[in-house]
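Remarks on the structure that follows.
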Amino acid sequence: VEAKWGTGHSIAVAMRPLPSAPNSMRLMWAYDGSVSDAEPDTLRPLTQLAIFGAPDDRMKAVLHLLCKMEEGPAPGISWAYAFTSHSARSLGVEAPPEARVGWRTKDRLGWGLIDVFCKVTGCLSVSFTRMCLPDSSRRHIDQQAVLAGSQAARWYASNLLQFLSGAWDRMRFMPPAGKVPPPLAGECVAFTVPQDVMGAIMGYRQKTIRQIMEDHQCLIVPNRELKGEGKREATEDDDLLELMFDHVRHGSTQELVVFGSQRSRLVVRARIMSIVEGKYPGYHRRPEGPEPIVLDPSRGVGLDQLWLDADFE
């Protein structure tokens, strides 16, 4: 039902009449799960909508309507979703509680990356809306993601949003990021780059990394910062240039995690390796022997490294 709440109406579940007060109704409010009593004349039934059209268009329409409802005086999108009818394994709309993110994740995806996120996860559409949180200690995580797509796509998107929020919404006082969780380990590739090169990879106002993500329809997430070995004192017999490269190779690094298709992940890794090599020519050590080549051990699609004696271009 819709019940009187403040100056308007909000969604609630009518539980049962009160035995002690037959003219009152016990309600559970959708926006925070609290229970209160209301007079029957302040209640009105919910309006049920039937949407006709192609499956994809119906899901986008449901998503749009639910988000519009959330702009009212009291949110209740999870309860509104409970009144939509669709098969759990078919196309559907879902607002899973674990898909709550902070404003940083919401803004980063909103800056032209929401289409990339849908391409990576397979969702038809993703929207964000503010939620009323019962736990005040997580006040900064106040954006609820509403996902439209198949069951597998919604599951993937929900897990990926948790990972993105852990990387992008993490405050300085929070513990450092951990490894990629097992549910996502097979959907990404993780590798490290020197900390000194992160400025060139990100670009001015993150334009470079954003352009790479848009070009290859993938998501690049700086995850863990890994400490390396300390500087080694040079001796008279050391090659200073090679000593500098060893310090860069074994120094502090930044882990990058790339989500997308297998081909896109390899192309992005090659582009980032090129950026590193452009700043530190010779960073990727040329192997000794007559054949200067490093083959990818993968039996499928892989990334090989080949050193040429002349400029390829």
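Coordinate-derived values only; no laboratory data. Keep in mind the model is a prediction, meaning the values are calculated, not measured. Note: ideal-geometry Cβ built from the backbone for every residue, glycine included; neighbour counts use all protein chains shown.
A full extension of the chain between MET202 and TRP103 corresponds to an added length of 33.6 nm, given 0.36 nm per residue minus the alpha carbon distance. Here's how it looks for TRP5: its modeled amide H is under 5 Å from those of SER10, which are all 5 or more places away or on a different chain.
Would you mind getting me the FRET efficiency between LEU49 and ARG286? Use the beta-carbon distance for r and R0 = 51 Å, nearest 0.05.
Values: r = 65 Å, r/R0 = 1.28.
Calculated transfer efficiency: 0.20.
Given the pairs LYS106/LYS227; LYS179/LYS279; LYS4/LYS119; LYS4/LYS60, which span a C-alpha to C-alpha distance of over 32 angstrom in this model? Kindly include the intermediate steps, with their values, before the conclusion.
Details: LYS106/LYS227 29 Å; LYS179/LYS279 28 Å; LYS4/LYS119 41 Å; LYS4/LYS60 29 Å.
Result: LYS4/LYS119 exceed 32 Å.
Karplus-derived 3J(HN,Hα) values for region 187-201, using 6.51 cos²θ - 1.76 cosθ + 1.60 with θ = phi - 60°, are 9, 8, 10, 10, 8, 10, 9, x, 4, 5, 9, 4, x, 5, 6 Hz; glycine and proline are entered as x.
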